[in-house]
Amino acid sequence: MMEKTLVIIKPSAVQRGLIGEVIHRFERKGLQLCGMKMMQLSEEILLEHYAHLAQRPFFKRIKDSMMVTPVVVCCIKGFEAVRIVHDMAGKTNGREAAMGTIRGDFSMSVQENIIHTSDSVKNAKQELDRFFKEEEIFEFEPCGLHFLYANDEI
Ligand code: ADP
């Protein structure tokens, strides 16, 4: 299935000059960037986005760390893109994430772990709606589509 998923390039990557590096990885894999913007996250949006962590003792710290600088939010499209992008990020803890994953290669931390990626198709839809307006996501056919996929995959 062709899917769209959300990536947030977190302040830990913005501050370290890794925005391009992260986007480069997705592009080289053959995923399509179909929405991208820099934005300052608010308390309100983070309360929704990290609602599943609201009772954890480190919740305030995570929220604050996501507001230190603007972030870059991306909509990424591809065949089974939700799982692929999530796997490319690696485990939450950068010290445990496999080498070759984004967190494994660029992070030494649980909290300062470079990117957020949606973890299911359902959450991807919800999260894209949370961070993007409809008109900020673009539909266009990449010219190399038939060299990225066989006909039965698209
Ligand atoms: P993931 O981002 O891998 O889906 P979670 O949804 O569990 O992980 O957590 C969201 C984010 O909160 C993590 O990416 C990380 O930045 C931060 N976080 C999670 N657990 C901890 C922790 N124990 N201590 C500090 N920060 C944490």
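Here's the list of aspartates and glutamates a cross-link from LYS133 could span, going by alpha-carbon distance under 17 Å and ignoring same-chain residues fewer than 8 apart: GLU44, GLU48.
Computed from phi, the 3J(HN,Hα) profile of the stretch 12-26 under the Karplus parametrisation 6.51, -1.76, 1.60 (θ = phi - 60°) reads 4, 8, 4, 5, 8, x, 10, 4, x, 4, 5, 5, 4, 4, 5 Hz, with x in place of Gly and Pro. Amide hydrogen proximity for PHE79: with H placed 1.01 Å from N in the peptide plane, the residues at 5 or more positions away or on another chain lying under 5 Å are GLU3. Residue by residue, the stretch 43-51 carries 3J(HN,Hα) couplings of 3, 4, 5, 6, 4, 6, 4, 10, 4 Hz when phi is fed to the Karplus relation 6.51 cos²θ - 1.76 cosθ + 1.60 (θ = phi - 60°); x denotes Gly or Pro. Relative contact order, whole percent, for the stretch 2-145 stands at 36, derived from Cα pairs under 8 Å and 6 or more residues apart. Computed per residue of the chain from DSSP H runs no shorter than four, each worth -39500 (n - 2.57), the mean residue ellipticity at 222 nm is -10000 deg cm²/dmol. Which log10 I(q)/I(0) values, to two decimals, does the stretch 2-145 give at q = 0.14, 0.16, 0.18, 0.21 Å⁻¹ under the Debye formula with one point per Cα? Log10 of I(q)/I(0), two decimals: -0.62, -0.83, -1.07, -1.49. Calculated on the Cα set of the stretch 72-154, radius of gyration then Dmax: 14.8, 41 Å.
Annotation note: chymotrypsin sites (Phe, Trp or Tyr not before Pro) in the stretch 115-154 located in DSSP loop regions with a Cβ neighbour count of at most 13 within 10 Å are PHE138, PHE140.
Any read-out appearing in this document is the output of simple, stated calculations on the displayed coordinates, not a laboratory observation. Here the structure is a predicted model, which is why all the values come from computation and not from measurement. Here the Cβ is made from the backbone with ideal geometry for all residues, glycine too, and neighbour counts use every protein chain on show.
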